[in-house]
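Taking it in order: structure first as structure tokens, then the write-up.
The values are calculated or read from the model by the stated rules, or taken from the named source; none is laboratory data. Given the structure is predicted, the values throughout are model-derived calculations rather than measurements. Cβ atoms come from the backbone with ideal geometry, glycine included; neighbour counts cover every protein chain shown.
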Amino acid sequence: MKWTRALHSRLNIIVPFALCFLCQQAKVRAQTLTTLVSFNGTDGSQPTSQLAEGLDGNFYGTTGYGGAHGFGTVFKVTPQGTLTTLHNFLGPDGISPDWLTAATDGNFYGTTLGATDNTGTIFKITSTGILTTIIRFNNHNGASPNGLIQASDGSFYGSTLSRRKYSGPVVSNARLRAVSARPT
């Protein structure tokens, strides 16, 4: 009898909270979703990165495949849905870009999972589409980078999926050094 009162007391608290939560969820579901862009393959396919907002208020991102050469793209889309392809990857400059970070200098920095002559890159691209390869990975310094962040000191940090047969390094391009887990 005592435990039923305790359970009843707890249910009196939990049930109103749950109903309130469900009502809030119903309000969220009532919002409208607007598609700004649908990729058709020639302008890219399989968008892979989160969008990065530029200083100009536009959104920037990557597609892992498609584009003019099939190796992926970097794109810009306006809040109204106008799509501009900024860069079509050629192979040597990268294959399958998968990350883009808006930096404090107004440029964007990203990674590719591979390239025809190496095992991934870190690149910089301007809002007008000028791409510069910063680092080419070669298995000795890492392979298949998977994202970058910009730290408060302005340096970029990221990690790679592998380094030879061991776990990948965490890299900093500002200091041109790598820290990695070494096998014992």
Original post:
Given (1) modelled with pLDDT under 85; (2) crowded, with 20+ Cβ neighbours inside 10 Å, where does Ile122 come up short, assuming only one miss?
Top reply: (1)
Subject >> Within segment 130-177, considering residues that are aliphatic (A, V, I, L, M) and surrounded by 16 or more Cβ atoms within 10 Å (Cβ to Cβ), the one modelled with the lowest pLDDT >> reply: Val171
**OP:** Only residues that are within 18 Å of the chain's Cα centre (by Cα) and over 23 Å from Thr48 (Cα atoms): list them for segment 144-155, please.
**Re:** Ser155
Original post:
Condition test on Asn40, is it closer than 30 Å to Pro92 by Cα, at pLDDT 90 or above and not assigned by TED's automatic domain parsing to the domain that holds Thr111?
Top reply: yes
Subject >> Looking only at segment 103-119, and only at residues there that are farther than 15 Å from Asp56 by Cβ, surrounded by fewer than 24 Cβ atoms within 10 Å (Cβ to Cβ) and among the small types (Gly, Ala, Ser), the one that is modelled with the lowest pLDDT >> reply: Ala115
Original post:
Looking at (1) buried (at least 16 other Cβ atoms within 10 Å of the Cβ); (2) in contact with a strand residue (DSSP E or B) (Cβ under 6 Å, 6 or more places away or on another chain); (3) at pLDDT 75 or above, which is the only condition Ser127 fails?
Top reply: (2)
